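I have placed the structure first, in the form of structure tokens, so that the comments after it can refer back to it.
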Amino acid sequence: MKLKKALLVFGMVVFILSCATNPFTGKKTMALVPNSQLFPTAFAQYDQFLTDNKVVKGTKDAEMITRVGQRIAVAAERWLNANGHQGYLKDYKWEYNLVEDKTVNAWCMPGGKIVFYTGILPIAKGETGVAAIMGHEVAHALANHGQQRMSAAYVQQGLAVAGNIAIKDEKSRNAFNQYYGVGSQVGVMLPFSRSHETEADKIGLYLMAIAGYNPDEASELWKRMKANSGGNAPPEILSTHPSNDSRIANLKALSPTAKAEAKKFGVTKFR
Ligand SMILES: [Zn+2]
């Protein structure tokens, strides 16, 4: 009984110690894997991914991905600074790459490592659509959604020791890949929860608007995603980001709020 109680107290201490405040939502979230460990792992995995895949360089599309990525990163920095979170991005090493692959997908790994597949470009249908996807994926990274899923899974599997997890053995690296969807099996990434999706939709909308992209396009983009969900090869991104009417309606309803947010930064015209 005494031991049980001690374990419970220990568990609570671990939980409290490893909670971080999400600056975008103000909510306390579980972050058992500190960014100091997560980022180097993510950077190494990202570099490996680029080595194993065909990176498109010097084309108009590749330049567009970089341009949108830089604008979204600047928007994130401005938003965080304005809201009293200076230094939040200090360990980020932003990178934006277009990869030759017909898979309909895009992702952002912890620390700002972004990949777009050429297969998603026809559905993005231009720069503003790319910005909607980029904003959303970057939002997942900024809000540490993957990290939270990883932390929860570690606790479930009893892998968390003293509130700290070392990503060093194969088992934890596999978990990392499962939660971030890279490595040898691209596309195994587990879906985000609905609340994480809603959060990323909102943050992503703010980011794209502050970056000067019309947030009205986000609901149009997900309509196109939905229209493409049938057929022989449904978009990979839909297995982790199910699109439905309530999501589309929610994005549409939030768009004026995103424009109002952008106005605070002097952005009133949208491309
Ligand atoms: Zn998402």
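The values are calculated or read from the model by the stated rules, or taken from the named source; none is laboratory data. All of these numbers come straight from a predicted model, not from anything done at the bench. Here the Cβ positions follow ideal geometry from the backbone for every residue, glycine too, while neighbour counts run over all protein chains shown.
A few points about this structure:
- Just one residue in the set Asn214, Asn228, Asn244 is more than 16 Å from the ligand (Cβ to nearest atom) and at pLDDT below 95; that residue is Asn228.
- Filtering segment 125-144 to residues that are within 15 Å of the ligand (Cβ to nearest atom) and outside any helix (DSSP H, G or I) leaves Ala143, Asn144.
- For segment 210-263, filtered to residues that are under 18 Å from the mean Cα position of the chain (by Cα) and assigned to a loop (DSSP other than H, G, I, E, B), the residue that is farthest from Arg194 (Cα to Cα) is Ala211.
- Check on Val182, over 30 Å from Cys19 (Cβ atoms), of a type outside the set (D, E, K, R), modelled with pLDDT under 95 and crowded, with 19+ Cβ neighbours inside 10 Å: no
- Residue satisfying all of: in segment 21-54; touching a strand residue (DSSP E or B) at 6+ places or on another chain (Cβ under 6 Å) and among the small types (Gly, Ala, Ser); modelled with the highest pLDDT among these: Ala42
- If the condition is being farther than 24 Å from Ala139 by Cβ and of a type in the set (S, T, N, Q), then segment 54-71 contributes only Thr59.
- The number of residues in segment 188-198 that are within 9 Å of the ligand (Cβ to nearest atom) and either of a type outside the set (A, V, I, L, M, F, W, C) or at pLDDT 95 or above (or both) comes to 3.
- The residues of segment 105-122 that are within 15 Å of the ligand (Cβ to nearest atom) and either within 23 Å of Lys252 (Cβ to Cβ) or without any contact (Cβ under 8 Å) to a residue 24 or more places away in the chain (or both), listed by number, are Ala106, Ile120.
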